[in-house]
Amino acid sequence: MIILYSLLGLLTGAFLNLAADELPQRHSLGSPRCPYCGQNYLPSEWIAVFSFLLLRGRCQHCRAPLSLRRPLLELGTVLAFAFLWQRHGPTPLLLLFTFYICILFLVLVIDLEHRLILNVVILPAILIAGVGSLIFPGPLRALAGGLIGFASFYLIALARKGGMGGGDVKLAAFIGLATGFPSIIVALLIAILAGGATALVLVLSRVKGLKSYIPYGPFLVVGGLVALIYGPQIVAWYLRLYH
Ligand SMILES: [Zn+2]
């Protein structure tokens, strides 16, 4: 069963690649196609892992190399699916966490490539996290987490005018709904510390000026993944320090 679920992860990874290609261009999801020549990929090219293994990772029409993101995203999705099956087995929690991790992967890839967090991705995710909170982490914890996530990043956005897009605020609200209170604190701390440390390094190395944009999105995704999977353990460990 775990192998079947991992295979489903491979197909889902290929689908996430398609979504990451098409959604930022405001295209609806059609057939996967080459970003260079625009030709539809042949079915043998749809799964990038196989394309790299069998077709040397090149478009069969124009020979342009496939983006390395395609096989990496597929492998990441396979690993995530295998891990979640191992951990949750066939339960509603498995489906919910699988959905959350797919959303976070998609947000990560699109944000890294386009510096965008698309409403078409994050708004349905927020809606489903609202309903999913009945399964995990419970409606009250989810509401508290969502409000804390939203409010923290809303305040950061206000403090640095134009320093952060509304996308980060919506992403923080989604992660809060999905992980709940108190796990959201773990996600926010990781995002803010990692984002701040990276910004500091960039400013000190003079790659960027003091007022330039800090892209919190990818750090929020990392924080969200850690909080979703290990949040309760990290919170319990922290509380034990004081007993
Ligand atoms: Zn091509």
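The values are calculated or read from the model by the stated rules, or taken from the named source; none is laboratory data. All of these numbers come straight from a predicted model, not from anything done at the bench. Ideal geometry is used to build each Cβ from the backbone, glycine not excepted, and the neighbour counts take in all protein chains shown.
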**Message:** Restricting to region 24-39, give me the number of residues that are away from the ligand (no atom under 16 Å from the Cβ) and hydroxyl-bearing (Ser, Thr, Tyr).
**Reply:** 1
**Prompt:** Of the residues that sit in region 52-78 and are within 8 Å of the ligand (Cβ to nearest atom) and not basic (Lys, Arg), which one is farthest from Leu7 (Cα to Cα)?
**Reply:** Cys62
**Request:** Determine if region 101-118 includes at least one residue that is crowded, with 18+ Cβ neighbours inside 10 Å, out of contact with any helix residue (DSSP H, G or I) (no Cβ under 8 Å at 6 or more places or on another chain) and not acidic (Asp, Glu).
**Result:** no
**Request:** Taking Tyr216 as meeting all but one of (1) over 20 Å from the mean Cα position of the chain (by Cα); (2) modelled with pLDDT under 95; (3) under 23 Å from Tyr100 (Cα atoms); (4) not acidic (Asp, Glu), write down the number of the exception.
**Result:** (1)
**Message:** Suppose we keep only residues that are within 19 Å of Arg69 (Cβ to Cβ) and assigned to a loop (DSSP other than H, G, I, E, B) within region 40-51. Which one would you say is farthest from the ligand (Cβ to nearest atom)?
**Reply:** Ile47
**Item:** Among (1) within 20 Å of Val121 (Cβ to Cβ); (2) at pLDDT 90 or above; (3) within 11 Å of the ligand (Cβ to nearest atom) - the single one Asp21 does not satisfy
**Value:** (3)
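Residue-wise test of (1) touching a strand residue (DSSP E or B) at 6+ places or on another chain (Cβ under 9 Å); (2) surrounded by fewer than 21 Cβ atoms within 10 Å (Cβ to Cβ); (3) among the small types (Gly, Ala, Ser).
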position: Leu123; (1), (2), (3): no, yes, no
position: Gly130; (1), (2), (3): no, yes, yes
position: Phe153; (1), (2), (3): no, no, no
position: Ala157; (1), (2), (3): no, yes, yes
**Request:** For Val221, indicate whether it is within 27 Å of Val120 (Cβ to Cβ), buried (at least 16 other Cβ atoms within 10 Å of the Cβ), without any contact (Cβ under 8 Å) to a residue 24 or more places away in the chain and of a type in the set (A, V, I, L, M, F, W, C).
**Result:** no
**Asked** Which of the residues spanning region 47-70 are surrounded by fewer than 13 Cβ atoms within 10 Å (Cβ to Cβ) and over 15 Å from Cys37 (Cβ atoms)?
**Response** Leu53, Leu54, Arg56, Leu68
**Request:** Test Gln39 against the criterion of being farther than 30 Å from Ile214 by Cα, at pLDDT 95 or above and either charged (D, E, K, R) or surrounded by fewer than 15 Cβ atoms within 10 Å (Cβ to Cβ) (or both), and give yes or no.
**Result:** no
**Prompt:** Residue check: is Ser28 of a type in the set (Ser, Thr, Tyr) and assigned to a loop (DSSP other than H, G, I, E, B)?
**Reply:** yes
**Prompt:** Would a scan of region 66-77 turn up a residue that is among the polar types (S, T, N, Q) and over 19 Å from the mean Cα position of the chain (by Cα)?
**Reply:** no
